[in-house]
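What follows is a short report on a single structure.
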Amino acid sequence: MSGTSNDRLHFLVRVVRKEIDHLEYSTGRVFKEQFTVERARSLATDPEQAERVEAYTSRFCRLQDTVGDKLLPTWLHLVGEHTGTALDNLDRVEKLGLLNSADQWMAIRQTRNQMIHEYMESPEVLASALNTAHRYQAEIIRFSQALIKDLIQRRLVT
């Protein structure tokens, strides 16, 4: 592995670990109680809660983007697998047993898009998307950690 590849890999692993920590912190602040449509409606008049939801949404999306768009292709390249479209990459790691379901990952991506694009327009869609993201969060973290664990086992990172 070249120095540049090694530096990039270590950088991505550090970033993913921090993103997991930050997402878990935001989770505790947003989901102390059930996130309802009423809570979504109240964001217009509760700037502190709106900021917490925005932080959670941003951190959830950032982790999924970093893992799916950056760490996964880097991992595939380093272990000698071909990289392709996002769906091809996801299908490959599903077949290798690191990802439970490529289809689920794509559903998570759709949830991510709903949180971003429906944030201001529909409290019902936002509440549903946030609760769905919260349910999917464990899978994103599990997959992230599976990639990192594999890299540690291969002695590519510590």
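Just a few scattered comments:
- Extreme residue, modelled with the highest pLDDT, among residues of the range 1-55 that are small (Gly, Ala, Ser), out of contact with any Ser or Thr (no Cβ under 7 Å at 6 or more places or on another chain) and closer than 18 Å to Ile116 by Cα: Ser26
- Residue under evaluation Arg39, criteria (1) over 14 Å from the mean Cα position of the chain (by Cα); (2) touching a residue at least 60 places away in the same chain (Cβ under 8 Å); (3) under 23 Å from Arg142 (Cβ atoms), criterion not met: (3)
- Hits in the range 1-26 (condition: surrounded by fewer than 18 Cβ atoms within 10 Å (Cβ to Cβ) and among the polar types (S, T, N, Q)): Ser2, Thr4, Ser5, Asn6
- Here Glu38 meets the list (1) more than 23 Å from Arg155 (Cβ to Cβ); (2) in a loop (DSSP other than H, G, I, E, B); (3) of a type outside the set (Ser, Thr, Tyr) almost entirely, failing just condition (2).
- Meets criteria (farther than 28 Å from Asp7 by Cα and part of a helix (DSSP H, G or I)) for Thr57: yes
- Restricting Thr111, Thr83, Thr132 to residues that are more than 17 Å from Ala55 (Cα to Cα) and among the hydroxyl-bearing types (Ser, Thr, Tyr) narrows the list to Thr83.
- The range 60-73: number of residues that are in contact (Cβ under 8 Å) with a residue 60 or more places away in the chain and either in contact with a Leu (Cβ under 9 Å, 6 or more places away or on another chain) or not in a helix (DSSP H, G or I) (or both): 5
- Across the range 110-125, not a single residue is classified as hydrophobic (A, V, I, L, M, F, W, C), surrounded by 18 or more Cβ atoms within 10 Å (Cβ to Cβ) and either in contact with a Phe, Trp or Tyr (Cβ under 6 Å, 6 or more places away or on another chain) or without any contact (Cβ under 8 Å) to a residue 40 or more places away in the chain (or both).
The values are calculated or read from the model by the stated rules, or taken from the named source; none is laboratory data. Being a predicted model, the structure only gives us computed values, none of them experimental. All Cβ positions, glycine included, derive from the backbone under ideal geometry; neighbour counts span all protein chains shown.
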